[in-house]
Every structure is written in C-alpha cells, then in structure tokens.
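Bear in mind that the values in this text are calculations on the coordinates, not laboratory data. Computed from a predicted structure; not experimentally measured. Cβ atoms come from the backbone with ideal geometry, glycine included; neighbour counts cover every protein chain shown.
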Amino acid sequence: MNPFSSIQAIWPALRPLLFQCDPEWVHEKAISFLKFSEKYASQTPYFCHPQKHFGLDFPNPIGLAAGFDKNAHCLATWQSLGFGFVEVGTVTFHAQEGNPRPRLFRLVKDRALFNRMGFNNDGAQRIAERMGKQRVEKKIAIPVGVNIGKSRSVSLEEAPADYLRTFKIIADVADYVVINVSSPNTPGLRGLQHPDALSKLLEPLLQENLHRKTPVPLLLKLSSDLCEDEARTAAHIALHFQLDGLILGNTSTDSSLCPAVETLGSGGISGSPLFARSTHLLRELASFGGDRLVLIGCGGILNAEHAREKFDAGAKLLQVFTGFVYGGPLFPHELLEDER
C-alpha cells in the first residue's frame with residue numbers, strides 16, 4: 001500500500017485546516033515532511049502509459065513542475081507519490097533569498113495561487129552537490145530535470161554568461177535542463193523572450209552542450225502571456241538552436257484572468273484561471289512544430305479532464321503544481337485514472 005494513501009483519504013478534512021495557515025509556511029513544512037518520508041519512499045515508479053522522449057524513459061507522463069522542490073530536498077519521495085518525473089528549481093548561479101514575504105497566496109474560490117517568490121534557492125553549486133549525493137544513493141528512478149534562471153544581481157546584458165555558469169554546474173546531475181525566461185518575478189526576465197535576446201542566450205548554451213561528452217536535453221519554458229505570433233517565434237528559435245522541447249506555460253500577470261489578485265501587487269497567477277490560455281498556446285504550437293519539439297503542458301490542470309484536454313491539444317507530457325496543492329498527495333494517480 002502506498003504510504004501516502006492514508007493522508008489522501010483524510011485530505012478533504014485536512015486541506016481546510018492547512019489552508020488556514022500561511023501558504024509558504026505550509027509549503028516549507030510539506031518539504032520537511034517529504035524529506036523525512038524519503039526513507040520510506042518506493043524505488044519503483046508508478047507505471048502508467050510509459051513513454052520515451054528526448055532519450056529519457058518516463059514511467060508515466062505526469063510531472064511535478066519547477067517551484068515546489070526548488071532545492072532538490074526530496075527527489076526520491078516524488079516517485080512514491082506517483083509522479084513520472086520532477087523538475088527542480090528554478091536554480092540560479094548565485095544563492096538568493098528571493099522577494100520579501102508574504103510572497104505566496106491562495107485564491108481558493110478561483111482554484112488558483114499567486115506568487116512573487118523571486119527565484120529563492122540555494123544556488124547552483126549546493127543544489128548540484130545535493131542532487132549528486134542522491135544520485136549516488138541510487139534511489140531515484142524517474143527523470144529529474146533542472147530549471148535554470150537568471151540571478152537577480154546580474155544584468156540582462158550579463159544573462160547569457162550567468163545562465164552558462166549555472167548550466168556548467170548543473171548539467172552533470174540533470175536528466176534535462178529547462179531554460180526559464182518566463183517568470184514575472186525577476187525584473188526584466190521576460191525580456192529574454194525577445195528574439196534577439198533569446199538567440200544570444202541560447203547560442204552559448206547550445207555550444208557548451210554540444211561539446212559535452214553526453215549532451216543533455218534542453219527545453220525552453222515560455223510565458224502564458226505570449227501572443228500566438230510571439231510563441232511561434234520562440235518555437236522557431238528553439239528549433240533553430242536544436243532544443244528538445246517547450247513548456248507551456250509559466251504564470252500570468254494578467255489580472256483580468258483573476259480579479260482577486262488586483263490587491264496583491266506584482267506576481268504571477270497559476271491554477272484554474274490559466275487553463276484556457278495555456279492550452280490555446282499549446283494547441284497553436286503543436287500545429288506549428290509539435291512533431292519536432294516535445295511539448296509539455298502546464299497551467300491549470302486540476303483534474304483528469306483537464307489532463308486529457310492538454311494531451312488532446314498536443315502535449316506529450318504534463319506538469320502540475322497548483323493542482324497538486326489543491327488535490328493532495330496522490331493527485332498524479334487521480335490524473336492518470338482514466339489512462340489505465
């Protein structure tokens with residue numbers, strides 16, 4: 001029996017109690033609990049429609065999005081929860097505390113979250129060492145990606161060198177690397193989605209990767225706020241630089257999607273309000289380059305029906321975050337129920 005089944009059974013009663021507490025405090029306690037639970041973690045992944053993409057074997061297509069286990073504290077536990085892969089980060093070259101608290105908010109009526117975390121993480125070197133240790137222990141049986149971003153202290157002009165430094169440190173412990181240019185919570189970061197800036201960013205990463213003994217799959221994470229033309233342009237650049245896939249999409253700053261955020265200041269919306277927009281972009285890019293890029297659907301997946309719609313729109317893999325927060329520890333199993 002899955003050790004988390006008992007928690008899932010009482011989740012309808014437990015969630016309202018947890019939701020009375022500060023969201024980031026609950027998140028930190030959850031990471032501590034999952035880290036403790038690692039000693040009981042199953043080393044056998046949950047197999048359901050296993051598949052292979054960019055040279056990696058995925059026991060199932062449901063992954064944990066970047067932002068939950070930022071510092072790679074409990075990698076082996078995620079496979080016990082049913083995830084087919086997990087993404088660490090966002091990781092920056094320099095360790096950083098992120099934005100001032102409070103910076104994470106629940107919008108329960110909207111089935112959403114709102115955050116302005118600001119890439120708080122332990123820095124590339126410490127995270128790589130932590131991942132390396134877990135690799136040596138051979139407890140991880142699912143693909144683990146690393147999402148990398150720009151250090152806050154670095155200017156946009158210096159961003160290519162900053163990403164490259166992080167990539168060089170993290171690539172040896174990552175099954176794939178995601179280049180994050182779409183978070184709204186690091187000033188100016190989304191400007192790196194502009195064609196010229198994106199090309200300057202990707203060129204050194206591609207060259208470094210090609211010179212590795214074993215190149216690591218490279219993916220690009222895009223904003224849900226891009227228009228269709230902007231998304232197609234980014235996909236075209238990804239193809240030009242031989243990237244393996246795209247993640248669609250990151251959080252939105254459009255308050256019209258969720259008016260409740262208007263009093264919360266700057267930040268990004270995730271969850272239900274993002275579903276239609278991110279799925280539309282996914283469908284557009286599937287028709288543009290979905291046969292040459294692995295598309296990962298992300299944004300507003302709260303139930304199995306949502307998962308099916310993302311797959312129908314062209315996604316090969318899915319990532320969840322907000323749905324996991326609302327759905328409970330065995331949420332991946334719920335999404336895969338109708339896939340058996």
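Please determine, by comparing only the residues of the range 30-58 that are among the charged types (D, E, K, R) and more than 20 Å from the chain's Cα centre (by Cα), which one is surrounded by the fewest Cβ atoms within 10 Å (Cβ to Cβ).
Looking at the filtered set, the residue picked out is Lys39.
Residues being in a loop (DSSP other than H, G, I, E, B), touching a strand residue (DSSP E or B) at 6+ places or on another chain (Cβ under 7 Å) and surrounded by fewer than 22 Cβ atoms within 10 Å (Cβ to Cβ): count how many of those fall in the range 77-115.
Within the range 77-115, residues that are in a loop (DSSP other than H, G, I, E, B), touching a strand residue (DSSP E or B) at 6+ places or on another chain (Cβ under 7 Å) and surrounded by fewer than 22 Cβ atoms within 10 Å (Cβ to Cβ) number 3.
Among all residue pairs at least 6 apart or on different chains, which show Cβ distances below 7 Å where the first residue, located in the range 44-72, is in contact (Cβ under 8 Å) with a residue 12 or more places away in the chain and the second is surrounded by fewer than 22 Cβ atoms within 10 Å (Cβ to Cβ) and among the β-branched types (Val, Ile, Thr)?
Partner pairs satisfying both residue conditions: His53/Val294; Phe54/Val294; Asp69/Ile31.
Write out, first by first residue and then by second, each pair whose Cβ atoms fall under 9 Å of each other, whose residues are 6+ apart or on separate chains, and whose first residue, in the range 109-127, is touching a residue at least 40 places away in the same chain (Cβ under 8 Å) and of a type in the set (Ser, Thr, Tyr) while the second is surrounded by fewer than 21 Cβ atoms within 10 Å (Cβ to Cβ) and assigned to a loop (DSSP other than H, G, I, E, B).
Close Cβ pairs (under 9 Å, with a partner that is surrounded by fewer than 21 Cβ atoms within 10 Å (Cβ to Cβ) and assigned to a loop (DSSP other than H, G, I, E, B)) do not exist here.
Counting only residues that are in contact with a strand residue (DSSP E or B) (Cβ under 6 Å, 6 or more places away or on another chain) and hydroxyl-bearing (Ser, Thr, Tyr), which one in the range 184-238 is surrounded by the fewest Cβ atoms within 10 Å (Cβ to Cβ)?
Restricting to residues being in contact with a strand residue (DSSP E or B) (Cβ under 6 Å, 6 or more places away or on another chain) and hydroxyl-bearing (Ser, Thr, Tyr), the top hit is Ser223.
Return only the number of the condition from (1) over 30 Å from Asp57 (Cβ atoms); (2) of a type outside the set (A, V, I, L, M, F, W, C); (3) under 21 Å from the mean Cα position of the chain (by Cα) that Asp244 does not satisfy.
Tallying (1) over 30 Å from Asp57 (Cβ atoms); (2) of a type outside the set (A, V, I, L, M, F, W, C); (3) under 21 Å from the mean Cα position of the chain (by Cα), Asp244 fails exactly one: (1).
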